[in-house]
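Note sheet for the following structure.
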Amino acid sequence: MTHVILFHHAQGLTEGVAEFAQRLRDAGHDVVVPDLYDGRTFDTIDSGVAHAEKTGFDTIIERGEQAADAMPPNTVYAGFSLGTLPAQKLAQTRQGALGALLFHGGVPAAMFGSDWPATAALQMHVSAEDEWIELLEVEELAENAGAAELFIYPGRAHLVADSSLSEYDEEIAELILERAIAFLDRLT
C-alpha cells in the first residue's frame with residue numbers, strides 16, 4: 001500500500017476526482033483527497049481558474065502543504081492540473097517523498113527552487129495539444145527528473161481523467177488509471 005495525497009483541479013473537488021481517488025483505493029492504496037476550495041466547485045475551467053487567481057496560487061499551494069502535514073514522509077503527491085502545483089512542490093521539497101503523479105500539468109523544477117530529487121519517482125500524463133499546459137515545460141521536467149515517465153495522449157482535451165466533466169475520455173482515463181496504479185504498486 002502506498003500513501004497518496006491527491007489534489008483536485010481548478011474546478012474543485014468534483015465527483016470525477018473523488019471517483020478517481022476511489023479507484024486508486026480499490027487498487028489497495030491509501031488515498032487522501034483534501035478540498036482546497038472549502039466545498040466550492042465550478043462549472044467551467046475558466047471560472048475555476050478565476051477563483052484560483054482570486055484566492056492566489058501561493059495560497060492554493062500553502063493549503064496543499066497544510067493538508068500534507070498529516071501524511072507520512074513516504075507519500076506520493078498527486079494532482080490534477082492546478083493540483084499539480086502543490087503536488088510537485090511537495091514531491092520536490094518534502095524529505096522522504098516517494099514521488100509525484102502529475103495529471104494534466106507540471107512546471108519546470110526550478111519554479112520550486114530546486115532540482116527534481118533523485119530519490120523521488122515521477123510520472124506525468126498530458127494531452128499533446130492541451131492549451132492549458134506548456135508541453136515543452138512538462139518535457140523539460142521529465143528530462144531533468146531522470147527516470148521520469150511521461151505519457152502524452154492524443155488530442156486537445158485537458159481534464160480527460162475526470163469522469164464528471166465533458167472532456168472525459170474513458171479510454172484514455174482507463175489507461176491513465178492503469179499506469180498510475182502500476183506506478184504506485186512499484187513504490188509499495
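So, in the range 143-172, of the ones that are hydrophobic (A, V, I, L, M, F, W, C) and more than 14 Å from the chain's Cα centre (by Cα), which residue ends up nearest to VAL4 (Cα to Cα)? In this case the residue turns out to be ALA148. Residues in the range 129-164 that are in contact with a Gly (Cβ under 7 Å, 6 or more places away or on another chain), hydrophobic (A, V, I, L, M, F, W, C), assigned to a loop (DSSP other than H, G, I, E, B) and farther than 18 Å from VAL49 by Cα: there are none. Residues in the range 137-164 that are within 23 Å of HIS29 (Cβ to Cβ) and in contact (Cβ under 8 Å) with a residue 40 or more places away in the chain were compared, and the one that is surrounded by the fewest Cβ atoms within 10 Å (Cβ to Cβ) is SER164.
Of the residues examined, PHE112 is one that is within 25 Å of PRO34 (Cα to Cα) and not aliphatic (A, V, I, L, M). For the range 36-51, what are the residues that are within 12 Å of HIS9 (Cβ to Cβ), in a loop (DSSP other than H, G, I, E, B) and touching a strand residue (DSSP E or B) at 6+ places or on another chain (Cβ under 8 Å)? LEU36, TYR37, PHE42 - these are the residues of the range 36-51 that are within 12 Å of HIS9 (Cβ to Cβ), in a loop (DSSP other than H, G, I, E, B) and touching a strand residue (DSSP E or B) at 6+ places or on another chain (Cβ under 8 Å).
Taken over the range 134-154, the criterion of being under 26 Å from THR44 (Cα atoms), modelled with pLDDT of 95 or more and not hydrophobic (A, V, I, L, M, F, W, C) is satisfied by TYR153, PRO154. A single entry from PHE80, PHE112, PHE20, PHE103 fulfils the requirement of being surrounded by fewer than 22 Cβ atoms within 10 Å (Cβ to Cβ) and touching a residue at least 12 places away in the same chain (Cβ under 8 Å): PHE112.
The values are calculated or read from the model by the stated rules, or taken from the named source; none is laboratory data. Small disclaimer: the values here were computed from a predicted structure and weren't measured. A quick note on method: Cβ atoms are made from the backbone with ideal geometry, for glycine too, and the neighbour counts reach across all protein chains shown.
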